[in-house]
Amino acid sequence: MKPPERRARPAAPRWLTRLVSPYYIAALAVIVVFVLWSAGAPTSYFALSLVFASIYITLALAWDFSSGLSGYLNFGLPFFFGLGAFTAGYFAWGGQRYVPFLLFVALGVGAVGGFLFSFPTLRLRGPYFSLLSLLLPLIAVDFVLAFWTQLHMPTEGYYDLPFLAVTPWGELIILSVANAVLLTVFLVLRNSHFGLILRGIRDDEDALSSQGIRTFPYKVLAFTIASGVAGFSGATYALTVTFAGLDTFEFTFILFPILIVILGGTGEIVGSVFAGYIVILLYQYLFQALSEVTLIFFTGAAILLVLFLPGGILRPIRSFVRFMRTPEAP
Amino acid sequence: MAGILAPVVVYGTLFGLTYVLVALGFTLLFGISRVLNLAYGALYMVTAYLIYYLAVELGVNLLVAVVVAIAVAIVVGLAVFLLCVRFAPDPMRFLIVSLLVALLLQYLFEYYFYGETGLIIPGLLPSHEFLFYGVSVSPVYVVTAGVALALLVLLWGWVEWTDYGRTIRATAEDPETAALFGIRVRSVYLVVVAVSSALIALAAALIVPAQEVDPNMWIEPFVIAFVVAVIGGLGKFKWTLPAAFLLSFSQYFVQLEYPTSSSLSDIVAFAVAIGFIIVLPQGIGGIHREAA
């Protein structure tokens, strides 16, 4: 006798079933927990540290989505970060002090900058893109130093910018919402056809080309999106410290994203959220005790991580969970 | 006419040859091992700081300090290379590790010297300038240019005309086949890394007395080495000289046009590199091959 056929439930859309995983829910939960945790002390050092953690998480998400997935390393992240900060400063100094407008313009300028840079450099395979992107922040510093008077800057940067929110806790809420949205969007994109091609580029770009897939537009699109997000992140930073200066082009804004992405697992997207809070909170509290030496420790730790634990923390956890789930052999 | 042209020719040539010295090691290393070492500029910084520390703070004889600094730079270069080859063999991770090493050294020196900039080290050469066709020239650059030219010729001879040079070229062409013919590929790489590190360290020992020592100084030589490599065609060792001249003359012309602006030379270098990547991605060496 045939077993009665089970009626299939109406299927959820594919992007949704792929998106909702325990890791994704845990990441959202972590973001919410930190917001609630610091609610009691909206102006504390803890809340401020969380604000910086959130800014670095935004940067790390952008870097992981573009460079982590495609394997084309963008060392010019501080350039797009600073570009966003200076854009926000420029418009705020010009009289446009409406914060959402500043964030939006920074996003747009970052994306345009990313497009203009990646269009010529990504036509070529290999290291040209990475190396030229490394030069970008250096050029930007020289440019500002040479032309700051022509750019109508009050000094070598813009000061007295409007605050992102009244208290650090308010800023944390804005940044946490932004991170949750970005996490969702990047995960959906990662699991889509677009993300599949990006991962294919990392694994074997020649194989993709031989299938008749033009990889160039996908690469440019990924880096345009990531640069826009970096610009947005730069604007949030400038509005948090109310100053857009040359320090936004510093290499720490690529060092920490790289550290976070590798600790979270390259190309995993979700891992950046967990690793971001771990790295930046640890840094903020160690910095109180050890001051300048902390940066040396973290750079050294990053080197050791790339050399000895390139898979990060999430990958071992994943394989452990998979191991526990597999039924025992008879 | 000669009055305007003389400084252009003199400075363009001297700086061009200095650029050759800075870029030689980078191009040699990339041409043979296909490894892009972002810590290359950091070796320049290590040498400069060590000479400063030994000669100025400890009072060691200057020549001894220079020799020790160059030796340490070679050891650091080899250590980074060995660590990467052993634990991070893919090029992507090598790029990240070498960048992180450069940053680590920068932060270390910043911390140790309290972020002090503008440290001056005494030169091996007299620093008083002399007149040459109405242009005042520093002996530092003249000697550097001479050393650069000599080293270029020597290295070319070494790679093109000696037995070991043939081994090196075979390894560059195809490491696996070279290994089949009994070449110890690993040792060839190590020799090339050591030579490349020695070259940039020597460049530092010669040039830095005319500049100042500061924690960001690894960037400048890296920019020059990379842009010269792009203009000549990445890894095309023979084209270093014309590429360096092209860069130095274009920088000097821009400086003539905008003498007041402080630091345009990096922007010019970047623009030239982007221009070459759009129009001639294979560099000057690429035209030659197409014509042949």
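Across segment B:91-104, a minimum of one residue is classified as under 22 Å from residue B:212 (Cβ atoms), without any contact (Cβ under 8 Å) to a residue 40 or more places away in the chain and facing chain A (nearest Cβ under 10 Å).
Looking at segment A:242-258, is at least one residue away from chain B (no Cβ under 14 Å), out of contact with any Pro (no Cβ under 8 Å at 6 or more places or on another chain) and either surrounded by 24 or more Cβ atoms within 10 Å (Cβ to Cβ) or within 25 Å of residue A:203 (Cβ to Cβ) (or both)? Yes, segment A:242-258 has at least one match.
Which residues, counting only those in segment B:176-197, are surrounded by fewer than 19 Cβ atoms within 10 Å (Cβ to Cβ) and either among the small types (Gly, Ala, Ser) or over 26 Å from residue B:73 (Cα atoms) (or both)?
B:176, B:177, B:179, B:180, B:181, B:182, B:183, B:187, B:194
From the list A:311, A:276, A:264, which one is within 16 Å of residue B:88 (Cβ to Cβ), more than 10 Å from chain B (Cβ to nearest Cβ) and touching a residue at least 24 places away in the same chain (Cβ under 8 Å)? Steps first, answer last, please.
Details: A:276 fails: within 16 Å of residue B:88 (Cβ to Cβ); A:264 fails: within 16 Å of residue B:88 (Cβ to Cβ).
That would be A:311, the only listed residue that is within 16 Å of residue B:88 (Cβ to Cβ), more than 10 Å from chain B (Cβ to nearest Cβ) and touching a residue at least 24 places away in the same chain (Cβ under 8 Å).
Considering B:80, B:64, B:85, B:46, the condition of being buried (at least 16 other Cβ atoms within 10 Å of the Cβ), in a helix (DSSP H, G or I) and over 21 Å from the mean Cα position of the chain (by Cα) is satisfied by B:85 alone.
For segment A:1-87, give me every one of the helices (runs of 4 or more DSSP H) that falls completely inside it and has 3 or more residues that are modelled with pLDDT under 85. Show your work before the answer.
Values: elements: A:14-19, A:22-37, A:45-63.
Output list reads A:14-19.
Candidates are the residues of segment A:293-330 that are of a type in the set (Ser, Thr, Tyr) and in contact with a helix residue (DSSP H, G or I) (Cβ under 9 Å, 6 or more places away or on another chain); the one that is modelled with the lowest pLDDT is A:294.
Within segment A:107-141, count every residue that is assigned to a helix (DSSP H, G or I) and surrounded by fewer than 20 Cβ atoms within 10 Å (Cβ to Cβ).
From segment A:107-141, those assigned to a helix (DSSP H, G or I) are A:107-121, A:128-141; that's our starting set.
Subsequent filtering for residues that are surrounded by fewer than 20 Cβ atoms within 10 Å (Cβ to Cβ) retains A:108, A:112, A:115-116, A:119-120.
Qualifying residue count for the region: 6.
For (1) surrounded by fewer than 18 Cβ atoms within 10 Å (Cβ to Cβ); (2) under 12 Å from the mean Cα position of the chain (by Cα); (3) of a type in the set (A, V, I, L, M), each residue gets a yes or a no:
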site	(1), (2), (3)
A:211	yes, no, no
A:218	no, no, no
A:227	no, yes, no
A:234	no, yes, no
A:263	no, no, yes
A:267	no, yes, no
A:285	yes, no, no
A:297	yes, no, no
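Let's see how each residue does on (1) on the phi > 0 side of the Ramachandran plot; (2) touching a strand residue (DSSP E or B) at 6+ places or on another chain (Cβ under 8 Å):
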residue	(1), (2)
A:126	yes, no
A:133	no, no
A:138	no, no
A:154	no, no
A:161	no, yes
A:176	no, no
A:205	no, no
A:213	no, no
A:225	no, no
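Would you call residue B:209 farther than 29 Å from residue B:175 by Cβ, in a helix (DSSP H, G or I) and either touching a residue at least 24 places away in the same chain (Cβ under 8 Å) or out of contact with any Gly (no Cβ under 8 Å at 6 or more places or on another chain) (or both)?
Numbers: farther than 29 Å from residue B:175 by Cβ: yes; in a helix (DSSP H, G or I): yes; either touching a residue at least 24 places away in the same chain (Cβ under 8 Å) or out of contact with any Gly (no Cβ under 8 Å at 6 or more places or on another chain) (or both): yes.
Taking the combined requirement at face value, the residue satisfies it.
Of B:44, B:114, B:52, all but one fail to be under 22 Å from residue B:212 (Cβ atoms), within 11 Å of chain A (Cβ to nearest Cβ) and of a type outside the set (Gly, Ala, Ser); the exception is B:114. Determine, yes or no, whether residue A:97 is within 13 Å of another protein chain (Cβ to nearest Cβ) and either at negative phi or assigned to a helix (DSSP H, G or I) (or both). Criteria not met by residue A:97. Of all residues in segment B:156-171, those satisfying the criterion of being surrounded by 19 or more Cβ atoms within 10 Å (Cβ to Cβ) and aliphatic (A, V, I, L, M) are B:159, B:168. Just one of (1) modelled with pLDDT of 85 or more; (2) in a helix (DSSP H, G or I); (3) more than 29 Å from residue B:214 (Cα to Cα) fails for residue B:183. It is (2).
Search segment B:230-267 for residues being facing chain A (nearest Cβ under 10 Å) and among the β-branched types (Val, Ile, Thr), and hand back the single one that is surrounded by the most Cβ atoms within 10 Å (Cβ to Cβ). Don't jump to the end; show me each part of the working.
Applying the first criterion (facing chain A (nearest Cβ under 10 Å)) to segment B:230-267 yields B:230, B:234, B:258, B:260-267.
Keeping just the survivors that are among the β-branched types (Val, Ile, Thr) gives B:230, B:260, B:267.
Values: B:230: 24, B:260: 6, B:267: 20.
Of everything passing the filter in segment B:230-267, B:230 is surrounded by the most Cβ atoms within 10 Å (Cβ to Cβ).
Specify the residue that is farthest from the chain's Cα centre (by Cα); the eligible residues are those in segment A:135-153 that are at the interface with another protein chain (Cβ under 7 Å from one of its Cβ atoms) and within 30 Å of residue A:215 (Cβ to Cβ). It would help to see each step written out before you state the result.
Applying the first criterion (at the interface with another protein chain (Cβ under 7 Å from one of its Cβ atoms)) to segment A:135-153 yields A:135, A:138-139, A:142-143, A:145-146.
The next check asks that each one be within 30 Å of residue A:215 (Cβ to Cβ); those that pass are A:135, A:138-139.
Details: A:135: 20, A:138: 21, A:139: 22 Å.
Checked segment A:135-153; the qualifying residue farthest from the chain's Cα centre (by Cα) is A:139.
The values are calculated or read from the model by the stated rules, or taken from the named source; none is laboratory data. It should be emphasised that the depicted structure is a prediction, and the values quoted were computed from it without experimental measurement. Quick reminder, even Gly has a Cβ in these numbers, built from the backbone with ideal geometry, and neighbours come from all protein chains shown.
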